[in-house]
Every structure is written in structure tokens, then in C-alpha cells.
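The structure appears right after this line, and notes come after that.
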Amino acid sequence: MIKPICLFLLILLTLVACTQNTSKVAGSYPPKSTPHSQIGAGVLGGAAIGGITGAGIGVATGSNALVGGAIGAGVGAWISYQKQQAEYERLMDEGLRVIRLGDMVEITIPSDKLFYPNEANLTYASLPILADVLAYINTYGPVDINVSAHTDTTSTLMHALELSQLQAQAVMTYFWAHGKPLEQMNFYGMDHQEPIADQHTIKGEYFNRRVEIMFWKNQLKQSVN
């Protein structure tokens, strides 16, 4: 009985170790120096180690239920993390920037991937991107979401403010239409007052035209559950 369990846990530890040493840098935006992969791996590692400890106690006491529960917890944590990581990789491959810091996540999407120039209606090409973003958000369970849109300097401040408000509202409306409660979301139009790149170059303005989606676990919902 002991040998099969030890073998299973050894394999699980090996998989965790491999995950902790894996980091991918991709996407249109340069990555910020935040330990996104280390945080995710730490959560998984803690769950796996907890499962291994429980399994060891279960074997020592002869409790099959405890062993099964510990192994189930470790496998469940592994599968959940793998699903979340797969969605993360998909967003990076699509040219989005994803920054993960604990329970808070920020996703940056170039506006050109969602809208035609100076328009606030989502394009058909934007729908699969937002679907992937939503799939990633859903791996975190109940969350609060802030959507902010930013423009470039090619229009007047008044037009830029109105345009950014409408673009942020369009993204939030998409989330609402696909199941996210309105009371857990906010949207903001930021015009072109918060650039992240050179405003005097075409490439810089491409980066400045963006939608930022920040979300974090809904603490009230979590406490109720």
C-alpha cells in the first residue's frame, strides 16, 4: 500500500518542480518585473505539499479516507492550476500582457485588437479574444472587475474622454452579457492622460491605445461561500 502512494506523490512533486522552473515571456507588451509564475507555483506547491503531508499521516495511521482525501486535494490543486496556466499562456500568445500579483491580476489588451480606430463598437475579431480573457478570469472564481480604456493623442481631450468611456463600457457589457454581475464591475474612461509609451511614435501610441482589465477575488462572495 505504501509504495504505490509514495510513487504517486513523487510524480506529483516532480511535476510541481517542473512548473516552478517554467516561465514564459511573450506578447506585444514587455513584461513587468512581477513574480507571476512564482506566485502561481507557490500556491500549487503549498497545496501539493499539504496533500503529501496528509498522505504520510494517513499511511502511518492506516486511514484510507485521509490518504484518499489528501491525494484528491493535491490532484485537484494541480488540475486547477494547469487549467489556469493554460488560459494564461493563451492570452500571452495573443499579444496581451498579463500581470499576476497574488489574488490581483491585470490584463492589458491593445485597443486595435478590439476596436476600429476612433470607434467604440467591438469588432468580430475581438470576440474570441474577449472570450479567452473571460475564460481566464473564470478560473479565479467570483471576482470584482475594473475595466479602463486609454486612447492616444490623435484627438481632442474631450473626444478622447468620451471614446475611452464608451470603449470601456463596451468591454464591460460583453462581460455582463456572458454572465458577470454588473454590481461586481466598474468601467472608466481614462482618455490619453496615462501613457505607458512614447506619445510621439507610432509604436508608442499603439501601446498607449489599450484596455486594462484588473480583477481580484470577491472577498464578500468568498466569505459567504
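Bear in mind that the values in this text are calculations on the coordinates, not laboratory data. Here the structure is a predicted model, which means the values were calculated and not measured. Virtual Cβ from ideal backbone geometry, glycine too; neighbours counted across all protein chains shown.
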Look through segment 120-139, keep the residues that are crowded, with 16+ Cβ neighbours inside 10 Å and in contact with a Phe, Trp or Tyr (Cβ under 8 Å, 6 or more places away or on another chain), and return whichever of them is nearest to F215 (Cα to Cα). I137
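Considering segment 169-187 alone, what residues qualify as being more than 13 Å from V133 (Cα to Cα) and aromatic (F, W, Y)?
We begin by selecting, within segment 169-187, every residue more than 13 Å from V133 (Cα to Cα); these are 169-170, 173, 176-177, 179, 181-187.
If the condition is that a residue be more than 13 Å from V133 (Cα to Cα) and aromatic (F, W, Y), then W176, F187 are the ones that fit.
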Residue pairs qualifying under the 7 Å Cβ cut-off, at least six apart or on distinct chains, with the first in segment 190-202 being on the phi < 0 side of the Ramachandran plot and the second being hydroxyl-bearing (S, T, Y) and not in a loop (DSSP other than H, G, I, E, B), are M190/S148; M190/S164
